[in-house]
Amino acid sequence: MNSGSEQGNQRNGSAEEARHLLAANPDLVFDERIRIDIGTKDADFWLKFASEWGGALYLLDETNKKRHENGLIDPTSYEYARRTYRLGLITLSELYDKLKAWNGGDERAEPYVYAMNSLDCFFVPAYLEDFSRVQPSLKPACDEAVGRILTQLAGKADLEDVSEALNAMVGQYIRHMHEYAAG
């Protein structure tokens, strides 16, 4: 087990590595990390999740905006939350649109292959865990999906290390995306 100082050093190392990687190629967060198969029998669950949680993110973004306008949160916190909600909403909207088109197709390949990038891998498991708390009847499906994602993410590496590196990269991207967009 790592001591607190060892964990702090690992976090600093992950953050520093994320800074270097993103400075060289900010689009790295959009590269495919893993693939998850979604079968026909699971499509309705995933569509419901993406639709409902996407709506929740929209409302959270609006609430965040009002809180900022009323001086309840500082500009830095507002901007980070705004970017997070909007990237999450984009992530879920893309999943919904692609899965809906696949699910409605006559000549669809089975299963749907959900190619997940770093943002998907960061947001989707957390959203599924939150979704399971507001939709208790869907908790088993959420838990199964999270388990599949985490298993794929870990591969042969330590899940804690992979998770830490992913958190560092996505956090760095969210905080500095305006700089990456400027070129």
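Selection of segment 86-136 for residues being loosely packed, with under 15 Cβ neighbours inside 10 Å and either outside any helix (DSSP H, G or I) or hydrophobic (A, V, I, L, M, F, W, C) (or both) yields 90, 101, 105, 106, 107, 108, 109, 110, 113, 115, 126, 134.
Output yes when any residue across segment 31-38 is in a helix (DSSP H, G or I) and either modelled with pLDDT under 95 or touching a helix residue (DSSP H, G or I) at 6+ places or on another chain (Cβ under 9 Å) (or both), and no when none is. No: segment 31-38 contains no residue that is in a helix (DSSP H, G or I) and either modelled with pLDDT under 95 or touching a helix residue (DSSP H, G or I) at 6+ places or on another chain (Cβ under 9 Å) (or both). Of the set (1) over 16 Å from the mean Cα position of the chain (by Cα); (2) outside any helix (DSSP H, G or I), all apply to residue 139 but (2). Summed over segment 43-66, the residues that are loosely packed, with under 14 Cβ neighbours inside 10 Å and either small (Gly, Ala, Ser) or touching a Lys or Arg at 6+ places or on another chain (Cβ under 8 Å) (or both) give a count of 1.
Taking the numbered list (1) modelled with pLDDT under 95; (2) within 17 Å of the chain's Cα centre (by Cα) in turn, residue 156 passes all entries but (2). Among the residues examined, residue 115 qualifies as among the small types (Gly, Ala, Ser), modelled with pLDDT of 95 or more and under 14 Å from the mean Cα position of the chain (by Cα). Considering segment 67-84 alone, what residues qualify as being surrounded by fewer than 11 Cβ atoms within 10 Å (Cβ to Cβ) and assigned to a helix (DSSP H, G or I)? The answer is 69, 75, 76. The residues in segment 17-42 that are under 19 Å from the mean Cα position of the chain (by Cα), under 15 Å from residue 114 (Cβ atoms) and surrounded by 14 or more Cβ atoms within 10 Å (Cβ to Cβ) can be counted, and the count is 4. Do we find that residue 27 is part of a helix (DSSP H, G or I), acidic (Asp, Glu) and modelled with pLDDT of 95 or more in this structure? So residue 27 fails the test.
The values are calculated or read from the model by the stated rules, or taken from the named source; none is laboratory data. Everything numeric here is computed off the predicted structure, so don't read it as measured data. Quick reminder, even Gly has a Cβ in these numbers, built from the backbone with ideal geometry, and neighbours come from all protein chains shown.
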